[in-house]
Amino acid sequence: MSVEAQQGIATPRIPAGLGGLLPALILIGLFFVVPVLALLLRSVTDPVPGLQNYAALLGDGTYARVFFNTFLVAFVVTIVTVLVAFPVAWMLAIMPPALASILFGIIILSMWTNLLTRTYAWMVLLQRTGVINRGLMAAGIIDQPLPLINNLTGVAIGMVYIMLPFMILPLVGTLRAIDPMTLRAAALCGASPLAAFRRILLPLSLPGIAAGGLMVFVMSLGYFVTPALLGGTSNMMLAEMIAQMIQSLLNWGLGSAAAFILLVVTMALYALQLRLVGSKRAPGGA
Amino acid sequence: MKLIFAGILAGLMATTAAKADEMVFTSWGGTTQEAQTKSWAEPFTASSGIKVLQDGPTDYGKLKAMVDAKNVTWDVVDVEMDFAIKAAKDGLLEPIDFAAVPKADLDPRFSNENAVGSFYYSFVLAWNKGSVTGEPASWADMFDTKKFPGKRTFYKWSAPGVIEIALLADGVPADKLYPLDLDRAFKKLDTIKSDIVWWGGGAESQQLIASGEAAFGQLWNGRVFALEKDGADVGVSWNQNLTAADVLVVPKGAKNKDGAMKFLAAATSPTGQAKFAEASGYAPINTKAKAEMPADVVKGLPDAHVDGQINLDMNYWAEHRDEIATRWYAWQAK
Amino acid sequence: MLLDYDRLGWLKVALLAFTALVAAFLLLPVVFIVLLSFGSSRWLAFPPPGWTLKWYQELFSDPSWIEAALTSARIATMTAILAVTIGLLASFALVRGQFRGREILRGLLLTPMVLPVVVFAIAVYAFFLRLGLGGTTVGFVIAHTVLALPFAIIPIATALEGFDKSIEDAAIVCGASPLQAKLRITLPSIRIGIFSAAIFSFLASWDEVVVAIFMASPTLQTLPVKIWGSLRSDLTPVIAAASSLLVALTLALMIVTALLRRKLQT
């Protein structure tokens, strides 16, 4: 065993580690943090210095409602996406390659079509006079059209549709990394399939669920095209409201304040998640 | 890093060059901008030699950002009129040089010192004949769910129109609309809230009516015109039609102001207005344009329905934009 | 047993049936859009009153659609390459590095995903105007790379966490240089993560409309911006035709890749 090789294993890569982060930090620092901070500063300077924008937001029930609604939608969408994505990712991880590549193809095909176009397609499919309702009525399954659009159902269908690939793909990676022997061993030791699922498969796939879930939840928070078209006005998301403030009313102070609050609350949730779930590798084992 | 600096350099070189024989026109995209290109930009380039570059879509945030940064890349922009009045007050617009833009024939309702009309339109009551029995005749009928059951569709955003319709339906006389009684309007809107489907863009309103998803609604007249032209079975009532307009503005600090003013003169000329109106179904803001248009097109214009026509008060809206928007979205989100 | 495809028994039938349902759900709008693109109704009525090719004719008679698609593809490709490269370096540091504040840095790198895009769009546009980057391809790609980076980091970092580092160390022990070990052992093992990262970051640009509206200039119009303008004002089936062509293109690419792979294997 050569000396270099030994060093390769033994030395913790402190300098190498930080060096790798440099390009990302420069990119985010220069082109995200600086411009966004410059804009967010307006929340305390625009139109006059002070906290009036925050007072206006926090003192008004509407913003609280929209805020609550935004998190509710993100939460519902994340849960449904995880539940739907897990079995698919599971199959995708273990099915024969030929079948898997077809399924991968379908997933990528669904993502490839323009988001607005897909959302419009859902609109026409889900309407009272839409394809699904008329099909079900013609088949005699229902006699009144189901309310599938302009409500939370429509938002959930449209958003889960968009989010599924973001959950499935990371999950497949995690599931494929699990050694099937672990589960065979469990079966040999007499574990029932349910016990094996609960005690082994699910815990081992948690990193994938957490990664995909984080991506879906956070994306959903900042989303509005789909909710705006498939939801009712009572399903308004914070991002749509902020877009109105910034793009239509030109009230950048108020819009920045709302964005800042969203950012702080999300970051607090992220910190909370780190606390609760913990990070195995975090120094000091938080 | 090298890449970034090279980029900054390239960018600097690209944006500092503003040519006198070039200008940028920005509008909303789609067929409207296509018609504007064909009716205004192309003839203008042919006669003046000034090349018109098409940009877009119009975004008010982007407009404000470029004026704030004193790096304005748009020369003429198509915007809604109530926005234009507010933007002028915020100092975002150049005054119109009426020495270069002939004013005499422009409809005074749709021009002021910082904007000239682009086109105007009316909100009318339209319905799908397959989904409605009888003929709704007034805005009051749109609030009568007993006589006319079914979903009705209204414009989603906080903009001139829906508030006025609610007040008219509640019996407010046309000349007493302003100042708007918001409490009364929202109370009236509450009575049909669960029957409302909102449309956010013109195409959506057409889709809703054509498919029967909404039985009737408040539509732009140009949209009803297009539906009829394509053979959709729709009815329309011009009773109490409400006029509003898009206007053309020049952002403060535009690089080719002279070119912009010349373009405005061409766009608002009788010929330019007549051609655009024919292509789009919207109405001309030049009073001489009608003489150059086919008779059957003139018949479909809001001008043919001045009886009972109501002009939405853009100055009032510009003044109270924020306040109404706050109430509007609060009511919608409830 | 649960990860052995052939030994799942009845569970396999149930899971496959569910997977097929989800696949149908994913395909439904795509198939629907393709059908609409051949329908003669201007109003996206379904079933359409007749069938036609006129939307494709309209599409091909307007070169700006193809130009927009090429612009989008160019910007999205550059974005994906940049985001995956930067994301890969960052992921190694985030997963393997031993330094304080790692989780905070990771959080920082993910914030572009949290902030509503319109806020970032206004902020970065105003910043670019001052730098002279407004309306340039470089600015466009930088802005999209910022948005795409979290989508590159998350899948790669997750895959890297699941990878047993002792295999890489074993390669080093057997005489490979650390770089060789990473390139030959680690990267192939986390390829699904890298593949996901590439797709996600490509799409983060390809399908992005808000920042794209701000970065647009007369010579820089991407497909989503064009579609956005058309959908708002026209809802024309030409958009369905454009989408269908992209679907056909994707299908063709996938089939070619599959055939190539089969050829390589035999």
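Annotations for the structure displayed:
- Residue in the stretch B:245-252 that is in a helix (DSSP H, G or I) and more than 20 Å from residue A:124 (Cα to Cα) present: no
- Restricting C:137, C:145 to residues that are touching a residue at least 60 places away in the same chain (Cβ under 8 Å), polar (S, T, N, Q) and more than 9 Å from chain A (Cβ to nearest Cβ) narrows the list to C:137.
- Residue C:187 being part of a helix (DSSP H, G or I) and over 26 Å from residue C:60 (Cα atoms): yes
- Residue C:254 being free of Cβ contacts under 8 Å to residues at least 60 places away in the same chain and either more than 9 Å from chain B (Cβ to nearest Cβ) or surrounded by fewer than 24 Cβ atoms within 10 Å (Cβ to Cβ) (or both): yes
- Residues that are under 19 Å from residue B:244 (Cβ atoms), small (Gly, Ala, Ser) and either modelled with pLDDT of 90 or more or not in a helix (DSSP H, G or I) (or both), drawn from the stretch B:282-334: B:283, B:289, B:300, B:308, B:318, B:325
- Residues of the stretch C:216-230 that turn out to be facing chain B (nearest Cβ under 10 Å) and either part of a helix (DSSP H, G or I) or in contact with an Asp or Glu (Cβ under 8 Å, 6 or more places away or on another chain) (or both), as a count: 10
- Residues within the stretch B:163-215 that are assigned to a helix (DSSP H, G or I) and not hydroxyl-bearing (Ser, Thr, Tyr), tallied: 29
- Among the residues of the stretch B:106-164, those identified as surrounded by fewer than 24 Cβ atoms within 10 Å (Cβ to Cβ) and touching a Pro at 6+ places or on another chain (Cβ under 7 Å) are B:113, B:114, B:148.
- The condition (being of a type in the set (Ser, Thr, Tyr) and surrounded by fewer than 21 Cβ atoms within 10 Å (Cβ to Cβ)) is satisfied by just one residue among B:211, B:194: B:194.
- Flag for residue A:204 being in contact with a helix residue (DSSP H, G or I) (Cβ under 8 Å, 6 or more places away or on another chain), over 30 Å from residue C:236 (Cα atoms), at pLDDT 90 or above and surrounded by 18 or more Cβ atoms within 10 Å (Cβ to Cβ): yes
- Residue satisfying condition, being within 29 Å of residue A:171 (Cα to Cα) and within 24 Å of the chain's Cα centre (by Cα), within set A:197, A:224, A:260: A:224
- Contacts under 9 angstrom Cβ, first residue in the stretch A:124-146 being without any contact (Cβ under 8 Å) to a residue 40 or more places away in the chain and within 19 Å of residue C:31 (Cβ to Cβ), partner among the hydroxyl-bearing types (Ser, Thr, Tyr) and surrounded by 12 or more Cβ atoms within 10 Å (Cβ to Cβ), 6 or more apart: A:124/B:211; A:127/B:211; A:130/B:211
- Residues that are crowded, with 20+ Cβ neighbours inside 10 Å and within 18 Å of the chain's Cα centre (by Cα), drawn from the stretch A:85-111: A:85, A:86, A:88, A:89, A:107, A:110, A:111
- For the stretch B:255-265, the criterion of being within 18 Å of the chain's Cα centre (by Cα) and either part of a helix (DSSP H, G or I) or crowded, with 20+ Cβ neighbours inside 10 Å (or both) is met by at least one residue.
- Meets criteria (crowded, with 18+ Cβ neighbours inside 10 Å, in contact (Cβ under 8 Å) with a residue 12 or more places away in the chain, more than 30 Å from residue A:243 (Cβ to Cβ) and of a type in the set (Gly, Ala, Ser)) for residue C:171: yes
- Near pairs, Cβ below 8 angstrom, 6+ apart or cross-chain, from the stretch C:231-251 (assigned to a helix (DSSP H, G or I)) to any residue that is among the hydrophobic types (A, V, I, L, M, F, W, C) and at pLDDT below 85: C:239/C:231; C:240/C:44; C:246/A:112; C:247/A:112; C:250/A:112
- Check on residue A:180, within 8 Å of chain C (Cβ to nearest Cβ), under 30 Å from residue C:154 (Cβ atoms) and surrounded by 14 or more Cβ atoms within 10 Å (Cβ to Cβ): yes
- Cβ-Cβ contacts under 8 Å between residues 6 or more apart (or on different chains), taken from a first residue in the stretch C:70-96 that is buried (at least 24 other Cβ atoms within 10 Å of the Cβ) to a second residue that is among the charged types (D, E, K, R) and assigned to a helix (DSSP H, G or I), are listed as C:94/C:102; C:94/C:106.
- Scanning the stretch C:12-24 for residues that are surrounded by fewer than 17 Cβ atoms within 10 Å (Cβ to Cβ) and either β-branched (Val, Ile, Thr) or more than 7 Å from chain A (Cβ to nearest Cβ) (or both) gives C:12, C:13, C:14, C:17, C:20, C:21, C:24.
The rows are residues; the columns are (1) modelled with pLDDT of 90 or more; (2) buried (at least 16 other Cβ atoms within 10 Å of the Cβ); (3) more than 13 Å from chain C (Cβ to nearest Cβ).
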site: A:6; (1), (2), (3): no, no, no
site: A:26; (1), (2), (3): yes, no, no
site: A:44; (1), (2), (3): yes, yes, yes
site: A:57; (1), (2), (3): yes, yes, yes
site: A:83; (1), (2), (3): yes, no, no
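- Scanning the stretch C:156-184 for residues that are over 24 Å from residue A:201 (Cα atoms), of a type in the set (Gly, Ala, Ser) and assigned to a helix (DSSP H, G or I) gives C:170, C:171, C:181.
- Only one of C:121, C:83 that is under 18 Å from the mean Cα position of the chain (by Cα) and in a helix (DSSP H, G or I): C:83
- Close contacts from the stretch A:59-82, counting a first residue that is in contact (Cβ under 8 Å) with a residue 40 or more places away in the chain and closer than 14 Å to residue A:220 by Cβ and a second that is crowded, with 18+ Cβ neighbours inside 10 Å and hydroxyl-bearing (Ser, Thr, Tyr), with Cβ to Cβ under 6 Å and a gap of 6+ residues or different chains, come to A:74/A:220; A:77/A:220.
- Single match in B:75, B:55, B:90 (criterion: touching a Ser or Thr at 6+ places or on another chain (Cβ under 9 Å) and either facing another protein chain (nearest Cβ under 9 Å) or over 26 Å from residue C:135 (Cβ atoms) (or both)): B:55
- Among the numbered conditions (1) more than 8 Å from chain B (Cβ to nearest Cβ); (2) at pLDDT 95 or above, the only one that residue C:164 does not meet is (2).
- Of the residues making up the stretch B:311-323, those that are within 10 Å of chain A (Cβ to nearest Cβ) and either in contact (Cβ under 8 Å) with a residue 60 or more places away in the chain or among the hydroxyl-bearing types (Ser, Thr, Tyr) (or both) number 1.
The values are calculated or read from the model by the stated rules, or taken from the named source; none is laboratory data. Computed from a predicted model, the values in this text were never measured in an experiment. Using ideal geometry, Cβ is built from the backbone for each residue, glycine included, and neighbour counts are taken over all protein chains shown.
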